[in-house]
Amino acid sequence: MAQFKRPPKKHIDGIILLNKPVGPSSNGVLQTVMRLFNAKKGGHTGALDPFATGLLPICLGEATKVSGLLLDSDKRYTATLKLGEQTDTGDKEGNVINTLPVPALTEADILTVLEQFTGAIEQVPPMYSALKHQGKPLYYYARQGIEIERPARSIVIKQLDFISFENNILVFDVLCTKGTYVRTLGEDISQALGSTGHLTALHRTQTGELRGENMLTLEEIETQQRSAIQPIDIALTHLQRLDLSKEEVDLIQHGQMLPYLKPETEFVRLYDEGECFAVGEWSDKKQMLKPKRVFNLHLAKDERALVAE
């Protein structure tokens with residue numbers, strides 16, 4: 001019997017703005033997208049819990065070189081918090097471990113509490129998280145009923161807006177820095193409101209400069225195929241743009257520095273005839289512009305040229 005031969009994986013570069021559904025893990029949907037395109041390389045830019053939905057940028061090929069910038073960027077979420085019941089995970093996936101009555105709350109009461117959590121705050125990471133302790137994630141210990149002492153971490157809640165409150169369900173919008181656990185924020189808000197609580201829904205709407213307006217479902221991505229893939233520089237629009245000459249492009253591609261004036265931003269996006277081919281970085285020591293990440297976009301172009309022959 002003839003063996004089925006898998007087609008060779010492809011060089012595919014770009015970013016897909018995926019609207020993650022409830023249920024699968026972030027890595028699970030990443031693998032699904034990579035199979036759809038038979039892509040050689042891919043990564044996501046900050047995991048969402050299985051119960052969470054929303055913006056999960058998928059970086060394919062050379063776009064994985066900017067995923068670190070997205071991992072470190074601010075995130076925005078719409079969170080739905082059920083007051084009165086605490087779960088062991090801080091979300092609807094866990095078991096109820098405590099119940100408390102919910103006091104009669106006005107919108108003014110809630111706004112006062114939300115204001116207390118705006119700005120720089122300290123947050124203790126939850127036990128049900130992927131943070132490592134002695135080489136194992138904290139959730140490994142949590143599932144065995146083992147509590148590990150966790151130091152508080154500094155985070156910044158840049159914006160915290162009330163959306164609605166009805167039948168003990170509080171919906172709020174939060175813009176926060178990297179490393180913020182919205183599940184923990186929800187629990188802390190519940191406690192400050194005189195009760196307890198857990199998240200029943202969490203929807204991400206922004207990652208860095210990428211926003212959720214143009215998100216696609218897995219079904220839409222499968223239908224649209226290549227047109228679902230956006231160029232790498234959609235994640236870099238906050239960086240100053242420099243259009244280089246052929247000679248300058250050649251120098252950057254060979255790891256050389258350029259005698260430029262100090263740019264307005266720490267990193268810059270560099271273009272060759274309208275195509276973003278690198279991220280540059282200012283060197284204070286040399287007072288010159290140096291390459292930070294260079295995208296090998298020719299690999300995909302060469303591959304397509306071979307197929308066309």
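Taking other Cβ within 10 Å of each residue's Cβ, how do 102, 66 sort, fewest first?
On the way: 102 19, 66 26.
Ascending Cβ contact count within 10 Å gives the list 102, 66.
Take the residue pairs 9/292; 75/246; 75/292; 41/132 and return only those whose Cα atoms are more than 30 Å apart. Intermediate values should be presented prior to the final figure.
Numbers: 9/292 27 Å; 75/246 37 Å; 75/292 24 Å; 41/132 26 Å.
Table pairs above 30 Å Cα-Cα are 75/246.
Which percentage, to the nearest 5, of the DSSP beta bridges contained in region 239-308 is antiparallel? Provide the component values of the computation, followed by the final result.
Values: 13 of 17 bridges.
Around 75 percent antiparallel, to the nearest 5.
What is the fewest-to-most order of 36, 138 by other Cβ atoms lying within 10 Å of their Cβ?
In order of increasing Cβ crowding within 10 Å: 36, 138.
Quick check on region 75-207: take the gyration tensor over C-alpha atoms, sort the square-rooted eigenvalues as a ≥ b ≥ c, and tell me if it's rounded (a/c under 1.5), prolate or oblate.
Details: a/c = 1.91, a/b = 1.33, b/c = 1.44.
Oblate.
Note the listed values [x] 69, 65, 39; [y] 58, 39, 38; [z] 69, 65, 35, then indicate which one is Cα extents along the principal axes in Å calculated from this particular structure.
The calculated read-out lines up with [x].
In a shell of Cβ-Cβ distance under 9 Å around residue 34, excluding residue 34 itself, what net charge do Lys and Arg (+1) and Asp and Glu (-1) give? Write out the running numbers ahead of the final one.
Values: positive: 9, 35, 40, 41; negative: none.
Here the charged neighbours net out to +4.
Based only on other Cβ atoms within 10 Å, what is the fewest-to-most ordering of 239, 270?
Working: 239 21, 270 30.
By the 10 Å Cβ count, ascending, the order reads 239, 270.
Among all the lysines, which ones have a C-alpha under 20 Å from residue 286's C-alpha, if same-chain residues fewer than 8 places away are not counted?
Partners found: 262.
Restricting to the chain, compute how many DSSP beta bridges are antiparallel as a %, nearest 5. Walk me through the numbers on the way to the answer.
On the way: 61 of 70 bridges.
Percent antiparallel among DSSP bridges in the chain is about 85.
Which ³J(HN,Hα) values, rounded to whole Hz and listed in residue order, are derived for region 255-269 from phi using the Karplus coefficients 6.51, -1.76 and 1.60 in 6.51 cos²θ - 1.76 cosθ + 1.60 with θ = phi - 60°, glycine and proline given as x?
Once θ is set to phi - 60°, the couplings for region 255-269 become x, 8, 9, 10, x, 10, 5, 4, x, 6, 10, 4, 10, 10, 9 Hz.
What are the GluC sites (Glu not before Pro) within region 224-291 that DSSP puts in a loop, where the Cβ has at most 16 other Cβ atoms within 10 Å?
On the way: sites: 247, 248, 264, 266, 273, 275, 281; in loops: 264, 266, 273.
Here the GluC sites (Glu not before Pro) that fit, given the DSSP loop and packing criteria, are 264, 266, 273.
If one takes the longest principal axis of the Cα atoms in the chain, at what angle in degrees, from 0 to 90 and to the nearest 10, does the Cα axis of helix 26-37 lie?
Roughly 30 degrees, rounded to the nearest 10.
Computed from the coordinates by the stated procedures, all read-outs in this text should not be read as laboratory data. Quick caveat: nothing in here was measured; it's all calculated off a predicted structure. We place every Cβ from the backbone using ideal geometry, glycine too, and count neighbours over all the protein chains shown.
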